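The values are calculated or read from the model by the stated rules, or taken from the named source; none is laboratory data. Being a predicted model, the structure only gives us computed values, none of them experimental. Virtual Cβ from ideal backbone geometry, glycine too; neighbours counted across all protein chains shown. Calculation scope for accessible area: heavy atoms of the full protein, side chains included, ligands and nucleic acids excluded. Shrake-Rupley method; radii C 1.70, N 1.55, O 1.52, S 1.80 Å.
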Amino acid sequence: MPSRNAAQWNTPPNSLRIDEFVDSRIYSDPMIFEEELEKIWKKTWIPVCHESEVPEPYDFRTLTIAREPIIVVRGPDNKIRAFLNICPHRGMLIERRPSGSFMEGQASGNPKHMTCMFHGWQFDMKGNCVMITREKEGYQDRISRKDLGLRELRCETTFGNFVWVTLDDNNPQTVQQWAGPALECIQKNLDGAPLEVFHYHKAIIGCNYKLWHDTNSEFYHDYMHYHNRITGFNDAYFARKNMAFDNGHVVVGTFEVQYEKYQGAHSRAALSFPGLPPNQWYMVDLFPGANFNLRGSALRVDLMTPLGPDKVLIEFRGLGLKSDTAEERMQRIEHHNSIWGPFGRNLHEDLIGVAGQGTAMQTGAEPRRIIQARHENETIHDEIGMRHFYQEWGRWMNRLPSDPTRKYMEAAE
């Protein structure tokens, strides 16, 4: 096949169906990105952290969803709640630290209260406004604290005690209804014993968030992971099925990893998560941007926060059992790091792939067709996971992924 001129380059391949490629503008167009925040990220359930990150009453953690600042706090009643991290007085950010505790007093705040440093308004762990400075002098009886509480968000703690938040009060689903069928394959493993985060790091990556999803969704880029082809992965690895579920979620089926075929490695069966057969591996991609990766003795959960059409924050967490002895925890961390840690086997290689795509698909770049047309009996080299994701994306956005200027609903009819 010869090289192509501009007209040929821009002509969609006749042999491909419209669901077998996407238009690269969905990765780079600022207007589409803003629309995604409104139509997807502000509407769905998002796992934001794990309950072990706020282990004690008055502990908190801050984050953002679709640019909205959020604070997750554990109250003295041990209940975890989420609020907009915004003072109702003047719209000031209340808490600036990424995490910590309100148990002790701060320079501008009393103990056991969230305090806006701007004018000293204070709130309890249930979001009630409990202090308005110079309330009587300034407002007489014209306003009431009971009308000035924080904006509480729907928040659930489930599936291994992950904390889930939605910005949409009218979201008709619970987390169980939203994610349940996809996460059910590992639910008993996540819920079998209390979990604890033992590893956390984050990175801002120069690509659209969907490109990071794509590299998690398809295994065809195993060509970059050359070690996979020559060491412990057997035919069962390549025969795993991609299983599509409602709401855009995809599960990659399990298989037994042959650790003994790695030089210096041993079976990890002794530290398997509760109920998980020895050395098994499940991976669950949740729409629009979460990945649960349970590999025998360690769970890794990657959560995305889109920052711009060409920028995404990824938070990486490693989890083990809260009941681990010191020796077990060290062993579990070693297992985690040998796959996903600073000198692990896949992360840096995946970064090369998505960073290269991000460079080639910057805002203003000419539209291109990104092909996802591999069909291999729905196994891991079949790109069914990506096609399923973009069907869901099209439904939420009402844009056709292969031509985002067209309505998805009209094209589907």
Open item on the list: Need one value: the accessible area of residue 395 in square angstrom, 1.4 angstrom probe, rounded to the nearest 10.
Closed with: 110
- [ ] Could you size up the charge dipole of region 97-204 around its Cα centre, putting +1 on the beta carbon of Lys and Arg and -1 on that of Asp and Glu, and report it in debye to the nearest 20?
- [x] 320
- [ ] Order 126, 43, 146, most accessible first, counting only protein heavy atoms with a 1.4 angstrom probe.
- [x] 146, 126, 43
- [ ] Between the alpha-carbon centers of region 1-20 and region 196-218, tell me the distance in whole angstrom.
- [x] 30
TODO: Considering only protein heavy atoms, with the full assembly of protein chains and a 1.4 angstrom probe, order 130, 252 by accessible area, largest first.
DONE: 130, 252
- [ ] Sort 323, 267 by accessible area with a 1.4 Å probe, largest first.
- [x] 323, 267
Open item on the list: Using the Karplus curve 6.51 cos²θ - 1.76 cosθ + 1.60 with θ = phi - 60°, what ³J(HN,Hα) values do you get for each residue of region 169-185, in whole Hz, with x for Gly and Pro?
Closed with: 4, 9, 4, x, 10, 7, 4, 4, 6, 6, 10, x, x, 6, 8, 4, 5
Open item on the list: Please report the accessible area of residue 198 (heavy atoms, 1.4 Å probe, ligands and nucleic acids excluded) in Å², nearest 10.
Closed with: 40
Task: Mean-position separation - Cα centroids, region 55-101 and region 257-289, in angstrom - done: 34
Task: Cα-centred dipole magnitude for region 155-300, charges only on beta-carbon of K, R (+1) and D, E (-1), debye, nearest 20 - done: 500
- [ ] With a 4.7 Å Cβ cut-off, tell me which Cys residues in the chain come up empty for a partner.
- [x] 49, 129, 155, 185, 207
- [ ] Mind scanning 188/241; 126/311; 146/210 and naming the pairs with a C-alpha gap bigger than 31 Å?
- [x] 126/311; 146/210
TODO: Rank 208, 128, 115 by how far each Cα sits towards the positive end of the charge dipole of region 88-216 (+1 on Lys, Arg Cβ; -1 on Asp, Glu Cβ) and give me just the farthest.
DONE: 115
Open item on the list: Sort 174-181, 200-207 by the packing proxy (mean of other Cβ within 10 Å over each peptide's residues), most packed first.
Closed with: 174-181, 200-207
Task: Ellipticity estimate at 222 nm from DSSP helix runs (n ≥ 4, -39,500 (n - 2.57)) divided over the chain, nearest 500 - done: -7000 deg cm²/dmol
Open item on the list: I'd like to know which of 76, 267, 385 lies farthest towards the positive end of the charge dipole of the chain, counting +1 on Cβ of Lys and Arg and -1 on Cβ of Asp and Glu.
Closed with: 76
TODO: At a Cα cut-off below 19 Å, give the lysines reachable from residue 407, other chains included and same-chain residues fewer than 8 away excluded.
DONE: 39
Task: Label assignment, mean projected area of the Cα convex hull in nm² derived from the structure, set [x] 23.7; [y] 27.3; [z] 22.2 - done: [x]
Task: Dipole magnitude of the chain, debye to nearest 20 (Cβ charges: Lys/Arg +1, Asp/Glu -1, about Cα centre) - done: 700
